[in-house]
Amino acid sequence: GQSLEQPSEVTAVEGAIVQINCTYQTSGFYGLSWYQQHDGGAPTFLSYNGLDGLEETGRFSSFLSRSDSYGYLLLQELQMKDSASYFCAVDNAGNMLTFGGGTRLMVKP
Amino acid sequence: DAGVIQSPRHEVTEMGQEVTLRCKPISGHDYLFWYRQTMMRGLELLIYFNNNVPIDDSGMPEDRFSAKMPNASFSTLKIQPSEPRDSAVYFCASSLGLGKNTEAFFGQGTRLTVV
């Protein structure tokens, strides 16, 4: 079966850096994605890692280690608007996303 | 493109009634996904299509659920008969395909309440 583990909740202050970890066990693996979802909204794509290493997109970075079945999302210079749920998702069949349970990030002033 | 369009945005129905959720994917996207989101179970993949053909429906909870994609621009998810435990937000998403193109674009969802 498939399983993705991520913390259920993280709290940080504005301007800080936060890292959200994701470990996975899947029957196949093509890549790891991250999605952001604000309350009442739809998930939106943040980043994708198909190979080991770090991908940077503005204030957000994502890392993957295939040998460790592990990845993380790094959010820098946190802003209040970053308060949302963050999901890691494994592409385990060439184009089938399986999502983790999500991490609720609360950014405090 | 207007993005993935779902209708209705909200649906309240009585137990036992048939419910049909609709989705228009982004033009040119070959893959279409139906997800269900609840607090207890998170985001669950129900079924996905490639070029209008169902590829994996192992996530469909029961025979009460069925999905169709008669053409590249339209898909439906039907629940018959509906039950209170079906209450959830149902998302449709579409994507181009492999690798980085696995980015899925989600519709705004249909919030279903079965009373």
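Descriptive notes on the structure:
- Any pair with Cβ under 7 angstrom, 6 or more apart, that starts in the stretch B:68-80 at a residue that is touching a residue at least 40 places away in the same chain (Cβ under 8 Å) and ends at one that is among the aromatic types (F, W, Y) and surrounded by 21 or more Cβ atoms within 10 Å (Cβ to Cβ): B:S75/B:F49; B:L77/B:W34; B:L77/B:Y90
- Positions within the stretch A:30-49 being touching a residue at least 60 places away in the same chain (Cβ under 8 Å) and in a loop (DSSP other than H, G, I, E, B), in sequence order: A:Y30
- Any strands (runs of 3 or more DSSP E) falling wholly within the stretch A:50-109 and containing at least 3 residues that are at pLDDT 95 or above: A:60-65, A:70-75, A:84-91, A:103-108
- Residue pairs whose Cβ atoms lie under 7 Å apart, separated by 6 or more positions or on different chains, with the first residue in the stretch B:45-65 and within 10 Å of B:L32 (Cα to Cα) and the second among the polar types (S, T, N, Q) and surrounded by fewer than 13 Cβ atoms within 10 Å (Cβ to Cβ), are B:N52/B:N71.
- Condition check for B:F105: within 11 Å of chain A (Cβ to nearest Cβ) and either touching a Phe, Trp or Tyr at 6+ places or on another chain (Cβ under 6 Å) or farther than 23 Å from A:F45 by Cα (or both): no
- Among the residues of the stretch B:69-98, those that are assigned to a loop (DSSP other than H, G, I, E, B), touching a strand residue (DSSP E or B) at 6+ places or on another chain (Cβ under 8 Å) and under 25 Å from A:T44 (Cα atoms) comprise B:S73, B:S87, B:L96, B:G97.
- All positions within the stretch A:12-29 that are part of a strand (DSSP E or B), modelled with pLDDT of 95 or more and more than 15 Å from the chain's Cα centre (by Cα): A:A12, A:V13
- Verdict on B:S95 being closer than 25 Å to A:C88 by Cβ and either free of Cβ contacts under 8 Å to residues at least 60 places away in the same chain or more than 10 Å from the chain's Cα centre (by Cα) (or both): yes
- When residues in the stretch B:19-33 are screened for being within 14 Å of another protein chain (Cβ to nearest Cβ) and either of a type outside the set (V, I, T) or closer than 12 Å to B:G97 by Cα (or both), 7 of them pass.
- The conditions of being closer than 28 Å to A:L4 by Cα, outside any loop (DSSP other than H, G, I, E, B), within 14 Å of another protein chain (Cβ to nearest Cβ) and of a type in the set (G, A, S) are not met by B:S66.
Residue-by-condition table, conditions (1) in contact with a helix residue (DSSP H, G or I) (Cβ under 9 Å, 6 or more places away or on another chain); (2) over 22 Å from B:L45 (Cα atoms):
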site: A:S33; (1), (2): yes, no
site: A:L74; (1), (2): no, yes
site: A:E77; (1), (2): no, yes
site: A:S85; (1), (2): no, no
site: A:G101; (1), (2): no, no
site: A:V107; (1), (2): yes, yes
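- Any hit, the stretch B:82-91, residues being at the interface with chain A (Cβ under 9 Å from one of its Cβ atoms), in contact (Cβ under 8 Å) with a residue 40 or more places away in the chain and not β-branched (V, I, T): yes
- Residues within the stretch B:99-115 that are assigned to a loop (DSSP other than H, G, I, E, B), among the hydrophobic types (A, V, I, L, M, F, W, C) and under 22 Å from B:V53 (Cα atoms), tallied: 1
- If the condition is being more than 10 Å from chain B (Cβ to nearest Cβ) and under 13 Å from A:G102 (Cα atoms), then the stretch A:25-58 contributes A:W34, A:Q36, A:H38, A:D39.
The values are calculated or read from the model by the stated rules, or taken from the named source; none is laboratory data. From a predicted model like this one, the values you see are computed outputs, not experimental measurements. Positions of Cβ are backbone-derived with ideal geometry, glycine not excepted, and every protein chain shown enters the neighbour counts.
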